[in-house]
Each structure stands twice: as C-alpha cells, then as structure tokens.
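Heads up, the thing below is written out as structure tokens.
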Amino acid sequence: MQIYNFQKVTVLLILLTAGMVWSIVGELTAEASDITDMFNEKYISLVPAPNSSVGSDYLFEQMALGSEYTIRILDLIYDQNKILMEKYDQILGKYDRMEAQNNEIIFLLKKIVEK
C-alpha cells in the first residue's frame, strides 16, 4: 500500500513539474514573438519602394538591424535560461527533500515490520 502511495506522489510531482515548466515556456515564448514581430516590421520598412532611386544602402541597414535583433534575442535567451535554471534548482531541492522523506518512511516501515 505504501509503494502505491509513493507512486502516486511521484506521478503528482512529475505532473506539477511539467506544469511549471510549461507555464514558464509559454511566458518566454510570448516575449520572443514580440521581439520577432518588431524586427519584421522594421526590416520590411527599410525596403525601398519599387522603382526607387535609392541605392543599396538599405541592405546595410537591414544587416545592422538583423545584428541588433540577434543580440536582443540572445540576451532574451540568456535571461530565460537563468530563470529556467533557478526553477530547475527549486525543483531539484523539492525532489531531494521528497527523496529524504521517502527514505525515512522506508526506514520506519522496516522497523515496524521487524517488530
């Protein structure tokens, strides 16, 4: 009976962990899509109209814009990674605590069985 409860607790912990990670990923994806949308708008706005007398300077502006937004996305990825690592550390701490409690329960059950 105790093993069955342990399995329930383990499944519950896995589901809670998956839920936390899913909600974090959803928030982080929204930020990245906002940056991508801003980049697309600015990139397209740099393209000159057809039959324009503008030279090829807009290509350099587009490359510079691409570099700027690449750096923004890398910064965002770095920040997201830090957040995920903090959450991962919290989950590991909870799992370690649960493992210690389960070991204590097993120890106590062995004592009960011996008596």
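Laboratory data are not the source of any read-out in this text; all were calculated from the coordinates shown. If you're wondering where the values come from, they're calculated on a predicted model, not measured in any experiment. Every residue, glycine among them, receives a Cβ derived from its backbone with ideal geometry; neighbour counts consider all protein chains shown.
So the values come out like this:
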| read-out | value |
| --- | --- |
| Local net charge near LEU92, Cβ-Cβ under 14 Å (Lys/Arg +1, Asp/Glu -1) | -1 |
| Nearest-0.05 FRET efficiency for VAL113 and LEU84, computed from C-beta distance (R0 35 Å) | 0.25 |
| In nm, spacing of pseudo-spin labels at TYR43 and GLU31 (7 Å Cα→C-beta vector) | 2.1 nm |
